[in-house]
Amino acid sequence: MSRRLGWFLAGGLLVALLLAGVVSSFASGSPDGLDATARQGCTFDAEGRITGGTCMAQKEQDHQLDDSPLAGYGIRGLGDGALSTGLSGVLGVLVTFGIGAGLFRLARRRPDPKSSPRPADAPTEAEV
């Protein structure tokens, strides 16, 4: 890997870590576009429970991994919501970067073992 590529990857990783760790705590708590669309046609009480109407959100179910340590964009057990969200984002970036680096390492081109390159300063057969 060239030195320039290494600096580029390190810079990209640093930016991703800063975004995941710091900027994620400023994310909106309001429903995103998909949630807002799924809620169209229903009425809700103050706690967000459906009280009437017909909408896609009525068929909503809990996720199978809802009780996992990183469920809900946070780390279970940490009381501070911003810290929990930031740390889970950083952990997600590191895991994703690690998996990507491992896949690139597996997929890279390797020299053919049958055709081993001759060193530049080794004598040719004619010189021997």
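Within the range 66-100, the residues that satisfy the criterion of being on the phi < 0 side of the Ramachandran plot, over 17 Å from the mean Cα position of the chain (by Cα) and in a loop (DSSP other than H, G, I, E, B) are 66, 67, 76, 78, 79, 80.
Listed by first and then second residue, the pairs linking a residue in the range 50-61 that is over 13 Å from residue 40 (Cβ atoms) to a residue that is exposed (fewer than 10 other Cβ atoms within 10 Å of the Cβ), with Cβ atoms under 8 Å apart and 6 or more places separating them unless they lie on different chains, are 51/45.
Under the condition of being closer than 20 Å to residue 90 by Cβ, part of a helix (DSSP H, G or I) and among the small types (Gly, Ala, Ser), the residues counted in the range 1-46 number 8.
When 66, 80, 35 are screened for being loosely packed, with under 10 Cβ neighbours inside 10 Å and of a type in the set (D, E, K, R), only 66 passes. Checking each residue of the range 45-55 against the condition of being hydroxyl-bearing (Ser, Thr, Tyr) and surrounded by 13 or more Cβ atoms within 10 Å (Cβ to Cβ) gives no match.
I'd like to know if the range 109-127 contains one or more residues that are small (Gly, Ala, Ser) and at pLDDT 90 or above. No.
The values are calculated or read from the model by the stated rules, or taken from the named source; none is laboratory data. All values reported here derive from a predicted model rather than from experimental measurement. Neighbour counts run over all protein chains shown; Cβ positions are idealised from the backbone, glycine included.
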